[in-house]
Amino acid sequence: MLHCPNPGFGRHTVGMRVFPGVLLCGLVTLGVFRAARADDAPTADPRAELIRSVAATEIQRTAALVAGDARILERIFAEELTYGHADGRVDTKDEFLGALTARRLRFHAINPGARTIRMVGDNIALIAGGADLLVGSADAPTALAIRYLAVYRLDPRTSSWKLTAYQATPVAAPAE
């Protein structure tokens, strides 16, 4: 199991690409998914490379959501994807990508919080985490805090991770 601490707000890079004027809130920082760093020393867990690769896929998915990059998401999403939104809607792969492409759905910013990766065998990864989102239509973003569970499976034909199921639930604001 891998636990990933909250990277905090204020980072504006995704990989080597900078998005000026777009708040990306810590998508890729040294603190997010430490197992995804290529220079980490090998660990005793024989599945460490699987954990690193699924962590990298989750980072790529998050960045693609903010960029609105349906081509990357097309490769990451399994054909049988069930995507449960925090408001209770459930989309298939085609429905989700259609809404994103038509800009009926837009992720303006994602600040991932702590995440935990747990392997189930050698081909299923469960990622449980939280995030602060700025999401909605292109002209009406809404701030939302969520907890989520993402289920990835390793595709034996391509050796790539596929998001098979995703379920988000809103986190209530603390009482004042």
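The values are calculated or read from the model by the stated rules, or taken from the named source; none is laboratory data. Here the structure is a predicted model, which means the values were calculated and not measured. With ideal geometry, Cβ positions are generated from the backbone for all residues, glycine too; neighbour counts draw on all protein chains shown.
Taken over the stretch 42-74, residues that are crowded, with 16+ Cβ neighbours inside 10 Å, basic (Lys, Arg) and out of contact with any strand residue (DSSP E or B) (no Cβ under 7 Å at 6 or more places or on another chain) amount to 1. Filtered by the rule that a residue be within 14 Å of Ala150 (Cβ to Cβ) and of a type in the set (A, V, I, L, M), the stretch 46-66 gives Ile51, Val54, Ala55, Ala56, Ile59, Ala64, Leu65.
Tell me which residues, restricted to the stretch 75-92, are out of contact with any Pro (no Cβ under 9 Å at 6 or more places or on another chain) and more than 14 Å from Tyr152 (Cα to Cα). Residues satisfying the conditions are Gly84, His85, Gly88, Arg89, Val90, Asp91, Thr92. For Arg147, the requirement of being closer than 16 Å to Ala48 by Cβ and part of a strand (DSSP E or B) is not met. When we screen Ala35, Ala56 for residues that are at pLDDT below 95 and assigned to a helix (DSSP H, G or I), the only hit is Ala35. Under the condition of being of a type outside the set (A, V, I, L, M, F, W, C) and over 22 Å from Arg104 (Cα atoms), the residues counted in the stretch 118-176 number 19. Among residues of the stretch 43-72 that are of a type outside the set (Gly, Ala, Ser), those with a Cβ under 6 angstrom from a residue that is assigned to a helix (DSSP H, G or I), sequence gap 6+ or separate chain, pair up as Ile51/Ala35; Arg52/Ala35; Arg52/Ala36; Arg61/Ile76; Ile72/Ala64. Going through (1) farther than 17 Å from Pro170 by Cα; (2) of a type in the set (S, T, N, Q); (3) buried (at least 20 other Cβ atoms within 10 Å of the Cβ) one by one, Asn111 falls short only on (1). Taking residues in the stretch 82-105 that are within 16 Å of Ser137 (Cα to Cα) and basic (Lys, Arg), and partners anywhere that are at pLDDT below 95 and not in a strand (DSSP E or B), the pairs with Cβ atoms closer than 6 Å and at least 6 places apart or on different chains are Arg103/Ala138. The set of residues in the stretch 80-98 being assigned to a strand (DSSP E or B) and surrounded by 12 or more Cβ atoms within 10 Å (Cβ to Cβ) consists of Leu81, Thr82, Tyr83, Gly84, Val90, Asp91, Thr92. Checking each residue in the stretch 122-154 for being free of Cβ contacts under 8 Å to residues at least 24 places away in the same chain and loosely packed, with under 13 Cβ neighbours inside 10 Å picks out Asp139, Ala140, Thr142, Ala143.
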